[in-house]
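Only one structure is covered here, and it is reproduced in the block below.
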Amino acid sequence: MNETKTVNRLKHNFEKLLKVGQALTAEKDYNKLLELILNEARKIANADGGTLYIVDGGKLYHKIMQNDTLNIFLGGGGEPIEFEPLEMAETHIAPYVAIHKRPVNIEDVYHTELFDFTGPKTFDRQVGYTTKSMLVVPLINREDDVIGVLQLINAMEAGELVAFDPGIEEIIMALSSQAGIALENMQYVEEIRTLFDSFVSVLVTAIDERTPYNANHSRNVAIFTERFAHAVNECKKGTYGELYFDEEHIRRLVMSAWLHDIGKVTVPESIMNKPTRLSEDIEFVMGRLKMLNALVDQRYYKALSTTLRSSGGEAEGEADKALWLEEKAFLKEAEIRILKANEPSTFMDDDMQMKITEIYEKRFREIDEQILNDREFEFLMIRKGTLTNGEREIMENHVVTTEKMLSKIKFPKDLMEVPFWAINHHELMDGTGYSRGLKGDEIPVEVRILTIIDIYDALTATDRPYKKGMPPEKAFFILGKMAEEGKLDSDLLSIFENSEAWHFKN
Ligand SMILES: [Fe+2]
Ligand SMILES: [Fe+2]
């Protein structure tokens, strides 16, 4: 080969390597990266076939197998490879290369005693192929650890099987070191992602578990959200027929589902777990009713003995008795009403509120005690649910806390949208949600999904303090009403309802 030809070839290979290097660093998908490494190495070396092994737990795992003549393309994102992993035995070429961290170039597999080639020879017999030349190089990372092995089979030149050119060996080595670093980078990224994901799920589960009533909420919302996103992908018609969430997008969405209620960490347990309007205070009220009953009795018997001792006090005695009976009846009635008003399922209409006000205002003659104190009265006057306006405000403030907490986290670029989606899960399409009162197009589709799921799980959860879990049909009826009122995205709701996404219960 003359000098110009050699220079040209070197230049050509150098340019090729540069391009491959760029492609390797640009690839974000692990399986695609593995395929790219083998593809490019085969192209440069003009190899008919090859295998890419990855080291895991001291063994070599077949990750990608390709052979043009046999039309075999296995592993990666395609058909899985069934072969057992290779033990690190020096007798076999790929493990040898991994152990010694150096390339091996075999001219003809059938004319060498250097390694045990029983495997390739058996394979040849079974499929009618001839394995001849082999170039096997290690994939090494920055710490000088072998992370894989690249094995190229049968160099071709003008349709003939030839040996791998020693010049190519160097190029393939250069490519393999680029590939080693690209793979290592990807593994780092994967490790950091796994670390972050597991940290988030551990933290959020701990927050959720502060209350036995809400222990699975964030997990459920994350699972439903992922299933919902897939349902949107499967739906090919209507408003969202064109919408497709790729894997990364779904990851971001699921992350925001995990984090959406993180601000509940500052909501007092007494508010988060409030099972009834009076909660534990009902015991005090019942105790006070008993005491008042006893005081009313005592006052009457005292009056009775005074009347008996004095002459002509019959009329007075009758009045005492009438008052006694009236107050006893009042106390009995009050107990029934308070118990009813205490239940979260009771809607406190004007009539009920009036009756509770009567009980609150009731004073007993000569007794310096009343049935309800100001605080208990306020609780029993709650129209719907178990929380007072003040308590509801504290509860709703969890989105503000979520925002504060998430603003302190430095999200990587690919997760940038996560906080915005997470903090807006109580916004409604008609602008009546909280805490910003966003409306219509101001609410991205990801948030609309979270909102539907958040309500769906709240309604169907079997572990809420103030009500039993609702069957899905009833939950969809309520969600449907909300969509009719313009609060939820009806197209998204019907995708969720008509999918299998909600057919899950942990
Ligand atoms: Fe929330
Ligand atoms: Fe929630």
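Taking the options Leu24, Leu17, name whichever one is over 39 Å from the mean Cα position of the chain (by Cα), within 23 Å of Gln187 (Cβ to Cβ) and among the aliphatic types (A, V, I, L, M).
Details: Leu24 fails: over 39 Å from the mean Cα position of the chain (by Cα).
Testing whether each residue is over 39 Å from the mean Cα position of the chain (by Cα), within 23 Å of Gln187 (Cβ to Cβ) and among the aliphatic types (A, V, I, L, M) leaves just Leu17.
Of the listed requirements (1) under 30 Å from Ile495 (Cβ atoms); (2) assigned by TED's automatic domain parsing to the domain that holds Lys32, Phe224 misses just one: (2). Of the residues examined, Pro444 is one that is touching a Phe, Trp or Tyr at 6+ places or on another chain (Cβ under 9 Å) and closer than 16 Å to Ala257 by Cβ.
Summed over region 1-56, residues that are among the small types (Gly, Ala, Ser) and either over 20 Å from Asp165 (Cβ atoms) or assigned by TED's automatic domain parsing to the domain that holds Asp246 (or both) total 3. Residue check: Asn185 meets all listed conditions (1) at pLDDT 90 or above; (2) part of a helix (DSSP H, G or I); (3) not assigned by TED's automatic domain parsing to the domain that holds His425 but one, namely (1). Residues satisfying the criterion are absent from region 105-117 (criterion: crowded, with 17+ Cβ neighbours inside 10 Å, under 16 Å from Ile153 (Cβ atoms), of a type in the set (D, E, K, R) and in contact with a Ser or Thr (Cβ under 8 Å, 6 or more places away or on another chain)).
Can you tell me which residue among Ala461, Ala422 is small (Gly, Ala, Ser) and within 17 Å of Ala229 (Cα to Cα)? Checking each option against the conditions leaves just Ala422.
Residue by residue, here is whether (1) outside the structural domain of Lys413 (by TED's automatic domain parsing); (2) within 16 Å of ligand 2 (Cβ to nearest atom); (3) not in a loop (DSSP other than H, G, I, E, B) holds:
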| site | (1), (2), (3) |
| --- | --- |
| Ala229 | no, no, yes |
| Met255 | no, yes, yes |
| Asn293 | yes, no, yes |
| Thr307 | yes, no, yes |
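All of (1) of a type outside the set (Asp, Glu); (2) touching a residue at least 60 places away in the same chain (Cβ under 8 Å); (3) under 26 Å from Arg210 (Cα atoms) hold for Val445 with one exception: (3).
Taken over region 1-43, the residue count meeting the criterion of being in a loop (DSSP other than H, G, I, E, B) and surrounded by 11 or more Cβ atoms within 10 Å (Cβ to Cβ) is 3.
Residues checked against (1) at pLDDT below 95; (2) of a type outside the set (Val, Ile, Thr); (3) more than 50 Å from the chain's Cα centre (by Cα); (4) within 16 Å of ligand 1 (Cβ to nearest atom):
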residue: Gly312; (1), (2), (3), (4): yes, yes, yes, no
residue: Ile336; (1), (2), (3), (4): no, no, no, no
residue: Leu339; (1), (2), (3), (4): no, yes, no, no
residue: Glu343; (1), (2), (3), (4): yes, yes, no, no
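Looking across region 206-223 at every residue that is modelled with pLDDT of 90 or more, of a type in the set (A, V, I, L, M, F, W, C) and within 14 Å of ligand 1 (Cβ to nearest atom), the one that is surrounded by the fewest Cβ atoms within 10 Å (Cβ to Cβ) is identified as Ala222. So, of the residues in region 9-60 that are touching a Leu at 6+ places or on another chain (Cβ under 7 Å) and acidic (Asp, Glu), which turns out to be nearest to Ile106 (Cα to Cα)? Result: Glu40.
The rows are residues; the columns are (1) more than 16 Å from ligand 1 (Cβ to nearest atom); (2) in contact (Cβ under 8 Å) with a residue 60 or more places away in the chain; (3) more than 30 Å from Ile262 (Cα to Cα).
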| site | (1), (2), (3) |
| --- | --- |
| Gln353 | yes, no, yes |
| Glu369 | yes, yes, yes |
| Arg375 | yes, yes, no |
| Glu378 | yes, no, no |
| Arg383 | yes, no, no |
| Asn389 | yes, no, no |
| Asn397 | no, yes, no |
| Glu403 | no, yes, no |
| Ser407 | yes, no, no |
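The values are calculated or read from the model by the stated rules, or taken from the named source; none is laboratory data. Computed from a predicted model, the values in this text were never measured in an experiment. A quick note on method: Cβ atoms are made from the backbone with ideal geometry, for glycine too, and the neighbour counts reach across all protein chains shown.
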